[in-house]
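Data block below; observations after.
The values are calculated or read from the model by the stated rules, or taken from the named source; none is laboratory data. The structure presented is a predicted model; accordingly, all values stated were derived computationally and were not measured. When we count neighbours, we look across all protein chains shown, and the Cβ atoms used for this are built from the backbone with ideal geometry, even at glycine. Each accessible area value is taken on the protein alone, full model and side chains, heavy atoms only, with ligands, DNA and RNA left out. Shrake-Rupley method; radii C 1.70, N 1.55, O 1.52, S 1.80 Å.
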Amino acid sequence: MRIQYFNDPDNDIDLDLYECGYEDCSSSFSYGPHIRDFYLIHYIVKGKGYYYTKNIWHTVEEGQAFLITPGEITIYKTEPTNPWSFCWFSFNGKRAQELSTKAGFNEERPVVMIDKKYNIENYIQKIIDCFSIYNRPIQSNLLGCLYLTLARFEAARRDDNNIKEKKNST
């Protein structure tokens, strides 16, 4: 099953949604090599797969997310014996890089673990719902859901950093 929605983004604003969706992948699913001109975050709902960027293959599984940045050559594919299901959203705008960094992603860490308590899947589903509820999505709903989703990633990163700091100080 694949659900995918597209928006008409405006790259001249602080942040704008490009697309979002959900997919239960087949055991042969693979995408790329491909270069995008927007930021794209995949959150793994179940299963396992592999993500290639900057000449490195990363294993990615349930509860993890990976970021694809503009201009990068990337490939991702499911693990054949445990195919993944994922949801995703992509965005651009003047603050896209800043907000993806605040969400915990950077060049050295394109894959992050997100504790289930942050309900990332539910937040991405809210973005998807903006399309399925309305024939033409209301832009303020889309942006609100996009900001809230990125804020959940940022909260997870901050909590993760606080735990690491406490461990290091003892």
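Strands (runs of 3 or more DSSP E) wholly in the range 67-114 with at least 1 residues that are among the aliphatic types (A, V, I, L, M) - which ones?
Details: elements: 73-78, 85-92, 111-113.
The qualifying strands (runs of 3 or more DSSP E) are 73-78, 111-113.
Go through Tyr118, Tyr39 for me and flag whichever is within 14 Å of Glu154 (Cα to Cα) and either open to solvent by less than 60 Å² (accessible area, probe 1.4 Å) or among the basic types (Lys, Arg) (or both).
Values: Tyr39 fails: within 14 Å of Glu154 (Cα to Cα).
Exactly one residue qualifies, and that residue is Tyr118.
Residue count for the range 86-110, restricted to those that are on the phi < 0 side of the Ramachandran plot and crowded, with 18+ Cβ neighbours inside 10 Å: 13. For the range 10-34, a residue qualifies if it is of a type outside the set (Asp, Glu), part of a loop (DSSP other than H, G, I, E, B) and more than 19 Å from Trp84 (Cβ to Cβ), and the qualifying residues are Asn11, Ile13, Leu15.
For the range 124-134, indicate whether the set of residues that are within 16 Å of Tyr5 (Cα to Cα), without any contact (Cβ under 8 Å) to a residue 24 or more places away in the chain, of a type outside the set (Lys, Arg) and assigned to a loop (DSSP other than H, G, I, E, B) is non-empty. The answer is yes; a qualifying residue exists. The single condition from (1) under 16 Å from the mean Cα position of the chain (by Cα); (2) open to solvent by 70 Å² or more (accessible area, probe 1.4 Å) that Ile73 fails is (1). Among the conditions (1) surrounded by 14 or more Cβ atoms within 10 Å (Cβ to Cβ); (2) farther than 19 Å from Ala155 by Cα, Phe6 misses just one, which is (1).
Okay, residues lined up against (1) closer than 22 Å to Ile114 by Cβ; (2) at pLDDT 95 or above; (3) more than 16 Å from the chain's Cα centre (by Cα):
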residue: Ile3; (1), (2), (3): yes, no, no
residue: Pro9; (1), (2), (3): no, no, yes
residue: Tyr18; (1), (2), (3): yes, no, no
residue: Phe29; (1), (2), (3): yes, yes, yes
residue: Glu61; (1), (2), (3): yes, yes, no
residue: Thr69; (1), (2), (3): yes, yes, no
residue: Asn82; (1), (2), (3): yes, yes, yes
residue: Ser85; (1), (2), (3): yes, yes, no
residue: Lys94; (1), (2), (3): no, no, yes
